[in-house]
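Each reported figure results from applying straightforward, stated rules to the coordinates on display, with no laboratory input. In this text, all values refer to a predicted model and were calculated from it rather than measured experimentally. Cβ placement follows ideal geometry from the backbone for every residue including glycine, while neighbour counts extend to all protein chains displayed.
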């Protein structure tokens with residue numbers, strides 16, 4: 001089975017290499033960086049979920065993959081769900097961890113306030129350094145700005161609605177860490193209940209950052225789901 005791992009906002013595929021190593025003995029694992037992330041150049045157009053979804057399809061076409069299963073972390077899960085909704089014939093199964101499902105202007109404002117480069121440098125300089133290293137030869141401040149613009153767009157016009165969830169039949173595993181401060185239990189359960197062919201699991205002692213997720217525990221849940229044992 002071909003399994004594609006999708007990173008989150010402000011992230012890159014290198015953050016998923018530990019998880020990939022846990023899964024490579026069971027699946028053919030693929031990693032990609034969305035445009036403007038990692039070593040990929042910025043696109044000529046604004047970031048959007050449809051743009052990232054098209055990049056996934058382009059990767060699949062380039063590698064002659066008619067269908068894949070997807071694990072998406074945070075924004076990557078949202079991209080995966082968008083693909084499952086609009087190109088369901090290409091997505092065999094989908095697992096999403098720490099994905100923010102509910103977007104409105106208030107939510108977007110709350111998240112974009114965290115994207116101020118000056119405040120990031122002042123309060124979390126190690127995070128600024130990590131961003132600079134992760135997004136090779138690109139201005140990390142521009143990465144923050146484009147991410148903030150993406151979130152504003154999500155708040156103003158969410159690409160997925162509750163009606164979209166109801167219409168998505170791809171087998172889906174919805175995962176949430178019990179200590180996630182960005183994604184609420186309420187929005188996650190609402191999305192899970194809206195999806196007609198979904199399962200739900202909570203990872204114990206788990207917060208939002210992917211680096212703090214137990215890769216072995218996550219891999220266990222993914223294998224159980226992808227192998228049809230849940």
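In square nanometres and to one decimal, what's the mean projected area of the convex hull around the Cα atoms of segment 1-102? Write out the running numbers ahead of the final one.
Working: hull surface 25.3 nm².
Directional mean of the projected Cα hull area for segment 1-102 stands at 6.3 nm².
Put in line by how crowded their Cβ is, counting other Cβ atoms within 10 Å and starting with the fewest, 178, 33, 54 read 178, 54, 33.
Taking the C-alpha atoms only, the angle from helix 49-62 to the longest principal axis of the chain is near 60 degrees.
Compute the Cα gyration tensor for segment 161-204, then decide on rounded, prolate or oblate, letting a ≥ b ≥ c be the square roots of its eigenvalues: rounded whenever a/c is under 1.5, prolate when a/b is larger than b/c in the other cases, and oblate in all that remain. Oblate. Take the Cβ atoms of residue 39 and residue 181, set R0 to 25 Å, and the FRET efficiency comes out at 0.25. Projected onto planes of every orientation and averaged, the convex hull of the alpha-carbon atoms in segment 76-130 covers 5.4 nm². The simple spin-label model puts a point 7 Å past each Cα toward its Cβ; for residue 161 and residue 87 those points are separated by 2.3 nm.
Distance between the pseudo-spin-label points of residue 118 and residue 220 (7 Å out from Cα toward the beta carbon): 4.7 nm. Residues of segment 151-192 falling in the label zone of residue 227, defined by backbone nitrogen less than 20 Å from a point 7 Å along Cα to beta-carbon, are 171-175. In terms of surrounding Cβ atoms within a 10 Å radius of their Cβ, 126, 147 rank from fewest to most as 126, 147.
By other beta-carbon atoms within 10 Å, ranking 103, 140 with the fewest at the front produces 140, 103. Helix 140-156 against the longest principal axis of the chain: what's the angle in degrees, Cα atoms only, rounded to the nearest 10? Roughly 60 degrees, rounded to the nearest 10. The Cα atoms of the chain give a gyration tensor whose axes a ≥ b ≥ c have a/c under 1.5, which makes the shape rounded.
Over all directions, average the projected area of the Cα convex hull of segment 99-165 and note it in nm². Mind dumping the intermediate values first?
Details: hull surface 20.3 nm².
Reported value for the Cα convex hull: 5.1 nm².
Centre-to-centre, using Cα atoms only, segment 101-157 and segment 13-53 are separated by 18 Å.
Quick one: grab the alpha carbon gyration tensor of segment 8-59, order the square roots of its eigenvalues as a ≥ b ≥ c, and give me rounded if a/c is under 1.5, else prolate or oblate depending on whether a/b is larger than b/c. Provide the component values of the computation, followed by the final result.
Details: a/c = 2.87, a/b = 1.90, b/c = 1.51.
Because a/c hits 1.5 or more and a/b exceeds b/c, segment 8-59 counts as prolate.
Give me Rg/Rg_expected for segment 126-175, where Rg uses Cα atoms only and Rg_expected = 2.2 N^0.38 Å with N residues.
Numbers: Rg = 16.2 Å, N = 50, 2.2 N^0.38 = 9.7 Å.
Normalised by 2.2 N^0.38 Å, the Cα Rg of segment 126-175 equals 1.67.
Distance between the 7 Å Cα→Cβ label points at residue 14 and residue 126: 1.7 nm.
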